[in-house]
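Every number here is computed from the coordinates shown, using simple stated rules; none is lab data. From a predicted model like this one, the values you see are computed outputs, not experimental measurements. Using ideal geometry, Cβ is built from the backbone for each residue, glycine included, and neighbour counts are taken over all protein chains shown.
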Amino acid sequence: MPSGQKITLEEVARLAGVSTSTVSRYLSGSHPVSEDKVAAIEGSIQRLNYRPNLVARGLAKGRTMTVGVLTQEIVSTFFNAAMRGVEDGLAGHQYEAIYASGHWQPEHEAQRLNSLVGRGVDGVILIHPGLSDEVLERHAEGVPMVVVGRKVATRRVHSLGFDHYQGARRALQHLLELGHRRIAFISGPPGRDDADDRLRAYHDTLAEAGVEPDDRLVAAGSYVEPGGLAAMNVLLDRGLPFTAVFAANDDSAYGAMLALHRRRLRVPDDISIVGFDDVQHSAFSLPPLTTVRQPLRELGREAANAVVALIEGRKPPLGTVAPLELIVRESTRALPAQAGPAPSAGRPARRRA
C-alpha cells in the first residue's frame with residue numbers, strides 16, 4: 001500500500017474475508033461478532049495498519065466523541081490521580097478527554113464550563129467543582145454531567161462523592177488518641193462544601209472529646225503548598241502553643257512542614273501533622289505523611305463509565321459515596337507524657353503504610 005494512502009473499511013473486510021457490515025459492527029460494538037471473525041478482522045487491521053475515523057463515526061451518531069473534564073489544577077498531583085482514572089475509563093469507550101482548569105475560582109470554572117459545552121463535548125466530568133448546585137443543574141439540562149468529589153442535590157447531575165466530614169473526623173480522632181489536645185487546623189478555601197465540612201468536623205470532634213475549640217488555632221489555607229506555608233507561619237507567629245496540626249489537604253501539609261523546618265521545628269518530634277488526600281508524594285515526603293486517603297483514580301474510572309452511560313442514554317449505577325481510610329505514617333507520634341489513647345468520638349479505621 002503506498003505511503004500516506006488511506007485504508008478503507010472495504011479493504012479491511014476484503015482481507016479478513018468478511019462483509020463490510022461485519023467490520024462496522026465489530027468496530028462500533030453495536031452487535032456481537034463471532035470469535036473467528038474477530039480474529040480475522042484484528043489480523044486485517046494490523047496488517048493494513050488501519051486507523052478508524054472516529055470523528056466521522058461520531059458525527060454519524062451526532063457526537064464529537066469527546067468528554068470535557070473540568071478540574072481545579074491540571075498540574076496538581078491530587079487532580080492528576082482523578083484525571084488518570086477518567087482516562088482509564090474513557091479509553092475503553094473510544095472517547096477522548098478535553099481538559100480545563102478553574103484554578104479554585106468559581107467564575108473561572110463557569111467560564112471553562114461554558115467553553116467546554118460550547119465546543120460540543122458529548123458529556124462533562126467535573127472534579128471537585130466549586131460551582132453551586134443551581135449552576136450545575138442549569139448546565140446539565142443541555143449536556144450529560146457527572147460530578148466527582150461531592151454529592152450534588154439535583155436530579156440531572158450524577159454525582160460520586162466523599163464524606164469529607166467523616167474523613168476529617170478520622171484524622172482528628174487519630175491525633176486525640178495520641179494524646180494531643182492543642183490541635184491547630186489549616187483550613188481549605190472558605191465557601192467550598194468539602195472545606196467547610198472539614199472545618200465543621202474539626203470543631204465537632206474536638207468538642208465531643210472535651211476539648212474547647214480555639215479559633216486562634218485555625219488559619220486559612222488555599223489547598224496549595226504556598227497557602228499551607230503561609231498558614232503555618234500565621235499559626236506560629238500567634239505564639240499560641242500547639243502539639244499537632246490537621247491540614248485540610250496534603251499540599252497544605254507539605255507547605256506547613258516546610259514552614260516548621262524553617263523555624264527549626266521537627267515533625268513529628270515537636271509537631272505532629274496529618275493531611276487529607278493521600279496523593280502519590282505523601283508516602284515519600286520527609287517524614288512520610290499520615291493522611292486520609294481518597295480513592296481518586298478508582299472514582300475517576302467510575303465517573304468515565306457513568307458519563308458514557310448517560311451519553312448513550314443508559315442509566316448509570318447509583319451514585320457512590322466512596323469510603324475514606326486513615327493511612328498512618330511517620331508524621332504523627334504520641335505525646336511522650338501521655339502515649340495512651342485519648343477520649344474521642346470513636347476509634348477510626350486505619351492502615352499503617
Ranked list, fewest to most other Cβ atoms within 10 Å of each Cβ, for M65, M257: M65, M257
Could you tell me which label, among (1) 20.1, 64; (2) 24.9, 81; (3) 42.1, 171, carries the value of Rg and Dmax of the Cα atoms in Å calculated for this structure? (2)
List every residue whose amide H lies under 5 Å from the amide H of E96, counting only residues 5 or more places away in sequence or on a different chain, with H placed 1.01 Å from N in the peptide plane. T66, V67
Considering only the other residues whose Cβ falls under 13 Å of the Cβ of P241, what net charge follows from Lys and Arg at +1 and Asp and Glu at -1? +2
Mind checking the full-extension length gain between K6 and E208? Use 0.36 nm per residue of separation minus the Cα-Cα distance, one decimal, nm. 65.7 nm
Tell me the mean residue ellipticity at 222 nm calculated for the chain from its helices only (DSSP H runs of n ≥ 4, each -39500 (n - 2.57), averaged over every residue, nearest 500). -13000 deg cm²/dmol
Can you list residues from other chains, or at least 5 along the same chain, whose modelled amide H is less than 5 Å from the amide H of V147? L126, H158, S159, L160
I'd like the FRET efficiency for R262 and E330, computed as 1/(1 + (r/R0)^6) with the beta carbon distance as r and R0 of 22 Å, rounded to 0.05. 0.65
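Stokes-Einstein D for segment 124-168 at 10 °C, 1.306 mPa s, Kirkwood Rh over Cα pairs, in µm²/s?
On the way: Rh = 10.6 Å.
Rounded to a whole number, D works out at 149 µm²/s.
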For segment 9-52, give the magnitude of the charge dipole about the Cα centre (Cβ charges: +1 Lys/Arg, -1 Asp/Glu; no others), in debye to the nearest 20. 100
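With an 8 Å cut-off on Cα pairs and a minimum separation of 6 or more residues, tell me the relative contact order of segment 9-52 in percent.
Numbers: 36 pairs, mean separation 17.6, N = 44.
After rounding, I find 40 percent.
With an 8 Å Cα cut-off and a minimum separation of 6 or more residues, compute the relative contact order for segment 283-338 in percent. Show your work: numbers first, answer last.
Values: 45 pairs, mean separation 31.0, N = 56.
Contact order relative to length: 55 percent.
Give me the percent relative contact order of the chain, please, defined on Cα pairs under 8 angstrom at least 6 residues apart.
Details: 694 pairs, mean separation 61.4, N = 353.
Reported relative contact order: 17 percent.
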May I ask for the angle, rounded to the nearest 10°, between helix 164-177 and the longest principal axis of the chain, with both axes built from Cα atoms and the value confined to 0 to 90°? 40
What net charge do the residues around A253 carry, taking every other residue with its C-beta under 14 Å from that of A253, with Lys and Arg at +1 and Asp and Glu at -1? -3
Taking the simple approach of a point 7 Å from Cα along Cα-to-Cβ for both D269 and E96, what is their distance in nm? 5.4
Residue (of V308, M232, I127) at the positive-pole extreme of the chain, dipole from beta-carbon charges: V308
Taking the chain as a Gaussian network, where each spring joins two C-alpha atoms under 10 Å apart, which residue of G120, G188, G255 fluctuates the most? G120
Highest-MSF residue in the chain out of P129, P189, P32 [GNM, Cα springs under 10 Å]: P32
For segment 9-52, what log10 I(q)/I(0) values come out of the Debye formula at q = 0.21, 0.27, 0.32 1/Å, with one point per alpha carbon and no solvent? -0.55, -0.93, -1.29
Quick one: 3J(HN,Hα) in Hz for segment 200-217, Karplus 6.51/-1.76/1.60 with θ = phi - 60°, rounded, Gly and Pro as x. 5, 5, 4, 5, 5, 5, 5, 4, 5, 8, x, 9, 6, x, 10, 4, 6, 9
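Within the chain, count lysine pairs with alpha carbon atoms under 26 angstrom apart where the residues are 8 or more positions apart or belong to different chains. If you can, show how the numbers build up before the last one.
Values: K6/K37; K6/K61; K37/K61; K61/K315; K151/K315.
Here the count comes out as 5.
If you place +1 on the Cβ of every Lys and Arg and -1 on the Cβ of every Asp and Glu, how big does the dipole about the Cα centre of the chain come out, in debye to the nearest 20? Please report the intermediate quantities before stating the final value.
On the way: 41 positive and 40 negative charges, 106 e Å.
About 520 debye.
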Around D278, with a cut-off of 9 angstrom between Cβ atoms, what is the net charge of the other residues, counting Lys and Arg +1 and Asp and Glu -1? -2
Could you work out which residue, out of A220, A184, A16, moves most in a Gaussian network model of the chain, that is, has the largest mean-square fluctuation with Cα springs under 10 Å? A16
